[in-house]
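S.K.: Pasting a structure here, questions to come.
The values are calculated or read from the model by the stated rules, or taken from the named source; none is laboratory data. Please read these numbers as outputs of a predicted model, since none were measured by experiment. Here the Cβ positions follow ideal geometry from the backbone for every residue, glycine too, while neighbour counts run over all protein chains shown. To get the accessible areas, we keep the full protein, side chains included, count just its heavy atoms, and leave off ligands, DNA and RNA. Shrake-Rupley method; radii C 1.70, N 1.55, O 1.52, S 1.80 Å.
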Amino acid sequence: MTDREFLKEVQQFFPRACLRSIKRHLYAAYCRDREVYVSYNFETQRWLVQTAYDYIFEADLTTAVAQMSTDSCDY
């Protein structure tokens, strides 16, 4: 996955997200208006979706966002 592909996936759910960091094993983005941090770790092949209230590790970004939607925060 390239940084461009990563950001495209994240922006499906958080259109205003911007790249925060690009490292050899990790890409990260932040969506300021939703206060959501999203990263992908190449070693574990897992997504992290984190808000001020919760965080979820998942192999699939869609599943992680869906789980966040069922919580008290509506994304």
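S.K.: Quick check, is Ala17 in contact with an Asp or Glu (Cβ under 8 Å, 6 or more places away or on another chain) and either modelled with pLDDT under 90 or crowded, with 17+ Cβ neighbours inside 10 Å (or both)?
M.R.: Judged against the criteria, Ala17 is not a match.
S.K.: Have a look at Tyr55, Tyr40, Tyr30 and point out the one that is surrounded by 14 or more Cβ atoms within 10 Å (Cβ to Cβ), hydroxyl-bearing (Ser, Thr, Tyr) and more than 16 Å from Thr2 (Cβ to Cβ).
M.R.: Tyr30
S.K.: Let me ask you something else. Please go through (1) open to solvent by 50 Å² or more (accessible area, probe 1.4 Å); (2) modelled with pLDDT of 85 or more; (3) under 16 Å from Glu9 (Cα atoms) for Leu48 and return the number of the only condition it doesn't satisfy.
M.R.: With respect to (1) open to solvent by 50 Å² or more (accessible area, probe 1.4 Å); (2) modelled with pLDDT of 85 or more; (3) under 16 Å from Glu9 (Cα atoms), Leu48 is out only on (1).
S.K.: Do you know which residues across segment 1-20 are free of Cβ contacts under 8 Å to residues at least 12 places away in the same chain and either in contact with a strand residue (DSSP E or B) (Cβ under 7 Å, 6 or more places away or on another chain) or among the β-branched types (Val, Ile, Thr) (or both)?
M.R.: Answer for segment 1-20, where residues must be free of Cβ contacts under 8 Å to residues at least 12 places away in the same chain and either in contact with a strand residue (DSSP E or B) (Cβ under 7 Å, 6 or more places away or on another chain) or among the β-branched types (Val, Ile, Thr) (or both): just Thr2.
S.K.: Checking Val65 against (1) of a type outside the set (S, T, N, Q); (2) open to solvent by less than 40 Å² (accessible area, probe 1.4 Å); (3) modelled with pLDDT of 90 or more, which test does it fail?
M.R.: Among (1) of a type outside the set (S, T, N, Q); (2) open to solvent by less than 40 Å² (accessible area, probe 1.4 Å); (3) modelled with pLDDT of 90 or more, Val65 violates only (3).
S.K.: Still on this model: Determine, yes or no, whether Glu5 is in a helix (DSSP H, G or I), acidic (Asp, Glu) and open to solvent by less than 90 Å² (accessible area, probe 1.4 Å).
M.R.: It is false that Glu5 is in a helix (DSSP H, G or I), acidic (Asp, Glu) and open to solvent by less than 90 Å² (accessible area, probe 1.4 Å).
S.K.: Additional query: Have a look at Arg34, Arg16, Arg24 and point out the one that is touching a Cys at 6+ places or on another chain (Cβ under 6 Å) and assigned to a loop (DSSP other than H, G, I, E, B).
M.R.: Being touching a Cys at 6+ places or on another chain (Cβ under 6 Å) and assigned to a loop (DSSP other than H, G, I, E, B) holds for just one of Arg34, Arg16, Arg24, which is Arg16.
S.K.: Do any residues in segment 42-59 that are of a type in the set (Gly, Ala, Ser) have Cβ atoms under 8 Å from those of residues that are open to solvent by 70 Å² or more (accessible area, probe 1.4 Å), where the two are at least six apart or on different chains, and which pairs are they?
M.R.: From segment 42-59, the pairs are Ala52/Glu35; Ala59/Gln45; Ala59/Arg46.
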